[in-house]
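The next block holds one structure in the form of structure tokens; read it before the comments.
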Amino acid sequence: MPGFLQSLTKTRNVILSRLASVLGASKITPETWEDLEAVLIQADVGVETTLEVVERLRRRAQEERILRADRLQDLLAEELRALLPDPPPLNLGGRPLDVVLVVGVNGSGKTTTIAKLAHYYRREGRKVLLAAADTFRAAAIDQLRLWAERVGCPVVAGPEGGDPGAVVYDALQAARSRGMDMVIADTAGRLHTQHNLMEELRKVHRVAGKVVEGAPHEVLLVLDATTGQNALSQALHFREAVGVTGVVLAKLDSTARGGMAFAVAHRLGLPIRFVGTGEGLDDLAPFDADRFVKGLFAP
């Protein structure tokens, strides 16, 4: 996982620097739990998730008769790991054409993530076609065309302001005629509070299902790791509108606080499928919960 530990630098620094003082060699006191809550909230784990994790730790400390604060770090790692259940395999493969719908607000890193996904699956031997269904922004269409050229895969686009559903329809038909086996579709990313956007996404979802049985087979939501807890409200709206199946945590670099991964998985019940750790095409990796948690506590 290239650059994975480096991408956790800020989160690790927030957690470890504070944990060193909170979980020192002293006895556990009521202040220990309050300070631990503050550390986790600062790392963007979220208030609700933090309170649950700390309560579980408190119960375990009582049951296991743990008196010293320095024995809590390993337990904390265990409880955080428990928030990230191992998801089932991606619903991709075993059919003539896989369809992946990628959603997210503008600025989340959605289009760049699509290019990285295309690059990732091309290296896996897949024949990928991109659908530029964010027709509301000419810049989005142009950006996807540029990325497609870099990746070396075809792209189907329509006119600015055109029907996104028609673009997806044309892309799926083109993929079949050209012998492609995967379509990754970009979608509009205006603010998630706009009702019309969600209606457009539902329409695109329906069109894909009419052309290819069971499509879209995965709906991946791109979340900007730098936005912290604001990403949770985005995820709720998209999940309700188009049945999000997984999350790509973008911009998880040294400037981001990755604790929100726990809140996304815990509160939304959505698996994190990939993480973006930089700007390059290779800076995307399947999410590994074990390495993620270990990376947070690595010295």
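Residues of the range 216-231 being under 18 Å from L83 (Cβ atoms) and either β-branched (V, I, T) or more than 11 Å from the chain's Cα centre (by Cα) (or both), which ones? Within the range 216-231, G228, Q229 meet the criteria. Residue selection: A61 fails the criterion of being in a helix (DSSP H, G or I) and under 17 Å from L281 (Cβ atoms).
Cβ separations smaller than 6 Å between residues 6+ apart or across chains give the following pairs from the range 217-228 residues that are under 15 Å from E240 (Cα atoms) to residues that are surrounded by fewer than 20 Cβ atoms within 10 Å (Cβ to Cβ) and of a type outside the set (A, V, I, L, M, F, W, C): E218/N91; V219/G243; L220/G246. Taking the numbered list (1) without any contact (Cβ under 8 Å) to a residue 60 or more places away in the chain; (2) under 20 Å from A289 (Cα atoms); (3) among the aliphatic types (A, V, I, L, M) in turn, A261 passes all entries but (1).
Within the range 24-41, how many residues turn out to be touching a helix residue (DSSP H, G or I) at 6+ places or on another chain (Cβ under 7 Å) and assigned to a helix (DSSP H, G or I)? Qualifying residue count for the region: 8.
Considering R122, R145, R126, R59, the condition of being closer than 30 Å to I15 by Cα and either of a type in the set (D, E, K, R) or within 19 Å of the chain's Cα centre (by Cα) (or both) is satisfied by R59 alone.
Residues in the range 237-249 include none that are under 22 Å from R12 (Cβ atoms) and either more than 10 Å from the chain's Cα centre (by Cα) or not hydrophobic (A, V, I, L, M, F, W, C) (or both). When Q73 is tested against (1) surrounded by fewer than 20 Cβ atoms within 10 Å (Cβ to Cβ); (2) closer than 24 Å to N230 by Cα; (3) of a type outside the set (G, A, S); (4) in contact (Cβ under 8 Å) with a residue 60 or more places away in the chain, just one condition goes unmet, and that condition is (2). Can you tell me which residue is nearest to V99 (Cα to Cα) among those in the range 136-152 that are out of contact with any strand residue (DSSP E or B) (no Cβ under 8 Å at 6 or more places or on another chain) and not hydrophobic (A, V, I, L, M, F, W, C)? Among those that are out of contact with any strand residue (DSSP E or B) (no Cβ under 8 Å at 6 or more places or on another chain) and not hydrophobic (A, V, I, L, M, F, W, C), it is G152.
Having 3 or more residues that are among the hydrophobic types (A, V, I, L, M, F, W, C) and surrounded by fewer than 20 Cβ atoms within 10 Å (Cβ to Cβ) is the bar; report the helices (runs of 4 or more DSSP H) wholly within the range 221-299 that clear it. Filter on the range 221-299 gives 230-242.
No value in this document is a laboratory result; all are computed from the given coordinates. A quick note: this is a predicted structure, and the numbers were derived from the prediction, not measured. Ideal geometry is used to build each Cβ from the backbone, glycine not excepted, and the neighbour counts take in all protein chains shown.
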